[in-house]
Amino acid sequence: MGWMKIIELSKPLGAEIAIIGFPGVANVGEQVITYLVREKNAIPIARIYSEYLVFPNNMVGISVTEDGKFLLPSVSIFQLRDPPLLLVTSDVQPLAWGAMEIANEIMRILSGLGVRRVIVITGFVEESAAGKVIAFGTDNELLDAFLRANAVKEDLIKVVVGLAGSVLGMAKIRGIKSLVLSGVSPDYSPDPRAAKSVLLSLDAVFSLGLDFESLDRQIEEIDKIKSEILKEIERRLREEQGFQGEEIGSAEYVG
């Protein structure tokens, strides 16, 4: 068993349902939980530190905030008061051989706070299904609620990897019902659109009263960046092919 430290930050109210999302495909899980924490002023109640939580490329260290504070990678648990929900996310993915140990600790803490059902947020890449929210799991009541909220049940996802998959495994061992909500993205880059699709489903089921203004601005900014990158790629391709922009754009050129 590796080194692990749990810090209690405030007294929790507890909840029957926990919504969980970690960094991963299109970063959907982390984006969803971070947005909920910020928009709903969720209260941090506990943090899990572990030697298994490291930066990409297995680098051990700390991150430095703009005001010079040091942050050790951790799993954070938050309390949402209205409606009563617990939110769980992390800064990084754990080392593969420590994922089940951390997942077990997460589920131990959540079980002690009254959690009997978990919703795990993930991302999935399929260009033809981009914008959809795929729902599946063992909690039939929650599944039906999200299918009514425009999620879909499709047989596309075969494996759930990383800490999300480990948490689902530990939930099964502990007899806790689970549901996966997967925001579908056209590629692996961070996708706030896919995150928004999941948030809309959560908003519909739990009546969260979310304001998407800041997320919509983020979507516009990313669209602008992608558009500029595509224009630059097209410009370089034209130069490599020996064409001038005005020649390609003329009505005399076809190809």
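How much accessible area per residue does region 4-210 have, in Å², with a 1.4 Å probe? If you can, show how the numbers build up before the last one.
Details: 9710 Å² over 207 residues.
Value for region 4-210: 47 Å² per residue.
Considering only GLN93, GLY183, LEU110, and ranking their Cα positions along the charge dipole of the chain that arises from unit charges at the beta-carbon of Lys, Arg, Asp and Glu, the one farthest toward the positive end is LEU110.
Compared with the dominant principal axis of the Cα atoms in the chain, helix 28-39 is inclined by about 70°.
Scanning residues 5 or more positions from VAL125 or on other chains, those with amide H under 5 Å from its amide H are SER185, with H placed 1.01 Å from N in the peptide plane. Region 1-56 and region 122-149 have Cα centres lying 22 Å from one another.
Suppose the chain between TRP97 and ARG38 were pulled fully straight at 0.36 nm per residue; how much longer would it get relative to their current alpha carbon spacing? Mind showing how you got there, number by number?
Details: separation 59, 0.36 × 59 = 21.24 nm, distance 3.14 nm.
Between TRP97 and ARG38, full extension yields an extra 18.1 nm.
Label-to-label distance for PHE212 and LEU156 is 1.8 nm, based on points extended 7 Å past Cα in the beta-carbon direction.
Determine the percent antiparallel among the DSSP beta bridges restricted to region 4-210, to the nearest 5.
60 percent
Here GLU141 and ARG174 are evaluated by their C-beta separation; at R0 = 25 Å the FRET efficiency comes out at 0.85.
Against the set (i) 1.05; (ii) 0.97; (iii) 1.00, the structure's computed Rg/Rh (Cα atoms, Kirkwood Rh) falls on (i).
What does the highest-first list of 217-224, 147-154 look like by mean Cβ count within 10 Å? Intermediate values should be presented prior to the final figure.
Values: 217-224: 13.0, 147-154: 15.0.
So the order, starting with the most tightly packed, is 147-154, 217-224.
How high is the relative contact order of the chain, in percent, counting Cα pairs under 8 Å that sit 6 or more residues apart? Please list the in-between numbers first.
Numbers: 470 pairs, mean separation 56.3, N = 255.
That works out to 22 percent.
I'd like the FRET efficiency for MET1 and SER189, computed as 1/(1 + (r/R0)^6) with the beta carbon distance as r and R0 of 30 Å, rounded to 0.05. Don't skip to the answer; put the middle values down first.
Working: r = 36 Å, r/R0 = 1.20.
For R0 = 30 Å, the calculated efficiency reads 0.25.
Paramagnetic label reach from ARG81 (point 7 Å along Cα→Cβ; backbone nitrogen cut-off under 17 Å): within region 45-72, residues 45-46.
For the pair LYS226 and VAL125, label points projected 7 Å from Cα toward Cβ lie 1.3 nm apart.
The values are calculated or read from the model by the stated rules, or taken from the named source; none is laboratory data. Here the structure is a predicted model, which means the values were calculated and not measured. Backbone-built Cβ (ideal geometry, glycine too); neighbour counts: all protein chains shown. With ligands, DNA and RNA removed, areas are computed over all heavy atoms of the protein, side chains included. Shrake-Rupley method; radii C 1.70, N 1.55, O 1.52, S 1.80 Å.
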